[in-house]
Structure formats: C-alpha cells, structure tokens
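S.K.: I have a structure I would like to understand better, so I am pasting it below and will then ask my questions one at a time.
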Amino acid sequence: MKKKVWIIIGIVVVVVAAAVLILPRLFGGSHRGIDNEPEANVAGESKILVAYFSWSGNGQQMARWIAEETGGELFRIVPEESYGEDYGACADRAKNELDNEIRPALSSHIDADIMAQYDTIYLGFPIWWYDLPTPVWTFLEEYDLSGKTIIPFFSHNGSSSGANSLNRLSELAKGATVLTDEALSIPGSSVADSEKEVKEWAAKEQK
Ligand SMILES: Cc1cc2nc3c(=O)[nH]c(=O)nc-3n(C[C@H](O)[C@H](O)[C@H](O)COP(=O)(O)O)c2cc1C
C-alpha cells in the first residue's frame, strides 16, 4: 500500500515538473527574441502592405515570402521596449499586457498619407496566450484602416485555429474587412519548410 502511494506521488511530481518545465518550452521554442529590428521605411508605392509582429523570427520569415510573392512593402511592428531574449520574461509580460489590455508603445510608424495608399494589408503575428499579441493591438488602433482588406497570417505551437486572435483582430480593425476565413496558419516548427505553401497562399489571396 505504502509503495503504491509513493508511486502515485512520484507520478504526480513528474507530471507537474513536465508541465512547469517542458510546456513553456513547447510554446516558446528555443528561439531567441528578435523583435526590435525594423524593416526599411515603406514608400507607399505598392497597393499592398505586409505588416508583421514577430518575436522569434517565424512570422518575419513568412512576411518576407509574402512580400516577395505579392510585391507588397514590408513593415515590422516594433515595440518601443523590446520583449527581450528570455522566453519566461517575454511570456510574463505578454500575459500581463493581455490580462490588462495594455497597448505597448511602438517605435515603428507609417505616415498617414503613405498608409492611405494601401488597399490590402497582409498582417502577420504569432499566437500569444491564445490571443493576438498586444503590439498588434497598438498597430491596429493607430491607423485609419477603413475600406482596407486585412488578410491574416500567423504561426503557433498548437493553437492552429488561432484561438481568440482572429476575433480580436476583427474587433480592433475598425472599418476594415478582415478575411478571417482565409487566414494562413503554420506551426512554428514547420515555418522553415513552408515557403511553397506560404507563397501559393499569398498568390491565391492576391486574386
Ligand atoms: C509569450 C508567448 C506565448 C505563446 N502562446 C502561445 C499560444 O497560446 N498558443 C500557441 O499555439 N503558441 C503559443 N506560443 C508560440 C508561438 O506562437 C510560436 O512559437 C510562433 O511560431 C512564434 O512566432 P514568431 O517567431 O514570429 O515570434 C507562444 C509564444 C510566446 C513567446
């Protein structure tokens, strides 16, 4: 009997340790945060903007392929205060901002007259805490998006439907048409091998 109790305790300890130590790694991966390097300035010479927020590079890679395929101009949503390189610190801050609906200040901006040139915005982001990362909230509220079409693309580590992110995006993108049914979803671990899929999707959405 005693032995059984110890076995059960052992199993509980292993499960709890796995939840604490391994699950956050599955979400965050082994990537390092790289959210603070802006793209070159946009010029408003295309009708298409490819805007993205990316902490560990997956969304940035997808955005680059989409821009290559569509001729869209690349714009990175850069937080004024970087989320840093540490996954735990990034996760804590992201959760706090989400819970308190904090819109973090951004350091990258588009002039209103340039933003007015775009008809279509491909908008990329990672799923964070089953939702849209808060820097994207700030981005969406900064501009007059009325009449524009927003086509979302995202990467994730399990939340393949985008969880609440697409609802949130539709709520915040006032006046825009958000093509939630057309959104592209790619697991973070597959992004490196998804160039063909991403480019085919982008080309299809452009028609
Ligand atoms: C703070 C944080 C929270 C995350 N929350 C989720 C989540 O709720 N669901 C999910 O599937 N993946 C989650 N992930 C994993 C990312 O969505 C995934 O690694 C994504 O590919 C990262 O994209 P990026 O490299 O463009 O930043 C989270 C990652 C971080 C850093």
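For (1) among the β-branched types (Val, Ile, Thr); (2) closer than 25 Å to residue 196 by Cα, each residue gets a yes or a no:
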{"site": "68", "(1), (2)": "no, yes"}
{"site": "76", "(1), (2)": "no, yes"}
{"site": "101", "(1), (2)": "no, no"}
{"site": "105", "(1), (2)": "no, no"}
{"site": "120", "(1), (2)": "yes, yes"}
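S.K.: I'd like the full set of residues that are more than 14 Å from the ligand (Cβ to nearest atom) and over 11 Å from residue 61 (Cα atoms), limited to region 184-198.
M.R.: Of everything in region 184-198, those that are more than 14 Å from the ligand (Cβ to nearest atom) and over 11 Å from residue 61 (Cα atoms) turn out to be 196, 197.
S.K.: Could you list, in sequence order, all residues of region 91-120 that are in contact with a strand residue (DSSP E or B) (Cβ under 7 Å, 6 or more places away or on another chain) and over 20 Å from residue 55 (Cβ atoms)?
M.R.: 110, 118, 119, 120 - these are the residues of region 91-120 that are in contact with a strand residue (DSSP E or B) (Cβ under 7 Å, 6 or more places away or on another chain) and over 20 Å from residue 55 (Cβ atoms).
S.K.: Right, something else. Looking at region 43-151, what helices (runs of 4 or more DSSP H) fall wholly within it and have at least 1 residues that are out of contact with any Leu (no Cβ under 7 Å at 6 or more places or on another chain), of a type outside the set (A, V, I, L, M) and farther than 23 Å from residue 204 by Cβ?
M.R.: The qualifying helices (runs of 4 or more DSSP H) are 87-99, 112-115, 134-142.
S.K.: Right, residue 159: within 15 Å of the ligand (Cβ to nearest atom) and assigned to a loop (DSSP other than H, G, I, E, B) or not?
M.R.: yes
S.K.: Among 147, 188, 175, 162, which is touching a residue at least 40 places away in the same chain (Cβ under 8 Å) and not aromatic (Phe, Trp, Tyr)?
M.R.: When all the criteria are applied, what remains is 188.
S.K.: Follow-up question, since we're still on this one. Looking at region 38-54, which of the residues that are buried (at least 20 other Cβ atoms within 10 Å of the Cβ) and modelled with pLDDT of 95 or more is farthest from the ligand (Cβ to nearest atom)?
M.R.: Ranking the qualifying residues of region 38-54, first place goes to 48.
S.K.: Shifting gears a bit: Within region 83-101, can you find the residues that are near the ligand (Cβ under 8 Å from one of its atoms) and either over 17 Å from the mean Cα position of the chain (by Cα) or surrounded by fewer than 17 Cβ atoms within 10 Å (Cβ to Cβ) (or both)?
M.R.: Once the filter is applied, which keeps residues that are near the ligand (Cβ under 8 Å from one of its atoms) and either over 17 Å from the mean Cα position of the chain (by Cα) or surrounded by fewer than 17 Cβ atoms within 10 Å (Cβ to Cβ) (or both), region 83-101 yields 91, 95.
S.K.: Which ones in region 128-156 are surrounded by fewer than 24 Cβ atoms within 10 Å (Cβ to Cβ), within 13 Å of the ligand (Cβ to nearest atom) and either under 24 Å from residue 194 (Cα atoms) or not assigned by TED's automatic domain parsing to the domain that holds residue 87 (or both)?
M.R.: 129, 130, 131, 156
The values are calculated or read from the model by the stated rules, or taken from the named source; none is laboratory data. None of these values were measured; they are calculated from a predicted model. Please note: Cβ atoms are built from the backbone with ideal geometry, for glycine as well, and neighbour counts cover all protein chains shown.
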